[in-house]
Amino acid sequence: MKTRICRMLGIEYPIFQGAMAWIANASLAAAVSEAGGLGIIAGGTAPAETIRQEIRKARQMTSKPIGVNIMLLSPHADEIARIVCEEGVQVVTTGAGTPGKYMDMWKACGITVIPVVPSVAIAKRMERSGADAVIAEGTEAGGHVGELTTMVLVPQIADAVDIPVIAAGGIGDGRAVAAAFMLGAEAVQVGTRFLVARECTVHENYKKKVLEAKDIDTVVTGRRTGHPVRVIRNKLSRKFMELDNRLAPLEEYDKLGTGALARAVLEGDMENGSIMAGQVAALVNREQSCREIITEMMTEARELLGKKWEF
Ligand code: TUI
């Protein structure tokens, strides 16, 4: 299953590892790249120099291509945007905004630019401004999400742009990879399943929550703020829903949200931490190595796509 994306990036399998803030560090990204996918270091809201160190660590662990994600709401986005050029990063993905103002700089240093997009209009705008591909992320995804599902977003974006489309949101096994390809995607991005990978250094309590999650255990809070976030339900998500219900001033969301993701990822606080995860958490039931995850997903997808269907 070699696609335009594999050739464009020089990777073996069309699987990206989702850029999970505070979670996707050198350990996870290097393991995914070493296994033939595209490992991506998440900038999140971390200081720019931390990201430089993670890039250098990943380079020690693999000679294969590595990506960096820049979360555009981060106060450090400008600085990280320069660092990816200085460190010779091959691929940059972006989230939570559009990266137009960095495009010329990134193109000048030979970076492949792949923004995450939640709608057709933004996908077209990104293609016009020089993006090499787009990641169409459905609302099944964890963390900051758009409105549309992967099932309807991917084919519409595939029809609307000529650059390759990577499907994200709800993809955790080979069935979903095969489905994404049928919808017009040329690669997939997987976050939640890699969150429980052996090489992922997130707190054990967080992994356990994902492994135990059932179908209706995630919820989107904060739609009113313009930055809705999908998390696994807990005491904190109930507090956010209470803010939603009483139309609380937006500053109260900031107060409640500050430091909440780090509390879950680093300290394993499953009550007062923000446990970002996709709906597919319900289908993620085993801790495996990144290599096992990629091999299993690709083998299953290949079998399904090659099957002779009778109707
Ligand atoms: O960015 C994500 N997922 C994230 S970022 C994150 S860290 C965070 N923490 C607290 C609050 C907010 C963020 C956790 N998860 N996914 C990619 C994504 N990008 N989803 C939606 C978008 C997006 C939204 C609007 C991309 C572009 C866009 O453009 C709007 C415009 O008109 O510029």
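In the chain, excluding the sites themselves, the longest stretch lacking any of the trypsin sites (Lys or Arg not before Pro) that are in a DSSP loop with at most 16 other Cβ atoms within 10 Å is 3-197.
Reported to the nearest whole Å, the Cα centre-to-centre distance from region 194-238 to region 99-136 is 28.
Taking the Cα centre of region 1-156 as origin and assigning +1 to Lys and Arg Cβ atoms and -1 to Asp and Glu Cβ atoms, the resulting dipole is close to 380 debye.
Among the GluC sites (Glu not before Pro) in region 253-311, those located in a DSSP loop and surrounded by at most 12 other Cβ atoms within 10 Å of their own Cβ are Glu271, Glu310.
Once you measure Cβ to Cβ distances between cysteines in the chain, which Cys have no partner under 4.7 Å? Cys6, Cys200, Cys290 - these cysteines have no disulfide-compatible partner (Cβ-Cβ under 4.7 Å) in the chain. Estimated from helical segments only, the mean residue ellipticity of the chain at 222 nm is -12000 deg cm²/dmol, where each DSSP H run of four or more residues counts as -39500 (n - 2.57). Here the dipole of the chain is about 100 debye; that uses its Cα centre as origin and unit charges on the Cβ of Lys and Arg (positive) and Asp and Glu (negative). Working from label points 7 Å from Cα in the Cα-to-Cβ sense, the Asn205 to Leu73 distance is 2.3 nm. Evaluated with a Cβ-only charge set (Lys, Arg +1; Asp, Glu -1), region 214-276 carries a dipole of roughly 180 debye about its Cα centre, given to the nearest 20. The listed residues Trp309, Trp22, Trp106, once ranked by accessible area (1.4 Å probe) with the largest placed first, stand as Trp309, Trp22, Trp106. The slack between Lys235 and Leu250, meaning 0.36 nm per residue of separation minus the straight C-alpha distance, is 3.5 nm. Over 25 Å between C-alpha atoms is what I'm after, so list which of Lys64/Lys209; Lys208/Lys239; Lys214/Lys308; Lys207/Lys307; Lys235/Lys255 land there. In this structure, Lys64/Lys209; Lys214/Lys308; Lys207/Lys307 exceed 25 Å between Cα atoms. With springs connecting C-alpha atoms under 10 Å apart, model the chain as a Gaussian network and identify which of Gly130, Gly37, Gly169 has the largest mean-square fluctuation. So, out of Gly130, Gly37, Gly169, the one fluctuating most is Gly130. Based on the alpha-carbon gyration tensor of region 70-127 and its eigenvalue square roots a ≥ b ≥ c, which shape applies: rounded if a/c is under 1.5, prolate if not and a/b is larger than b/c, or oblate? Taking the square roots of the gyration eigenvalues as a ≥ b ≥ c, region 70-127 is oblate. Of all the options Pro228, Pro164, Pro115, the one that moves most in a Gaussian network model of the chain with Cα springs shorter than 10 angstrom is Pro228.
The values are calculated or read from the model by the stated rules, or taken from the named source; none is laboratory data. The model shown is predicted, which means the values in this text are computed figures rather than measured ones. With ideal geometry, Cβ positions are generated from the backbone for all residues, glycine too; neighbour counts draw on all protein chains shown. When the accessible area is computed, the model is the full protein with side chains, heavy atoms only, and any ligands, DNA or RNA have been set aside. Shrake-Rupley method; radii C 1.70, N 1.55, O 1.52, S 1.80 Å.
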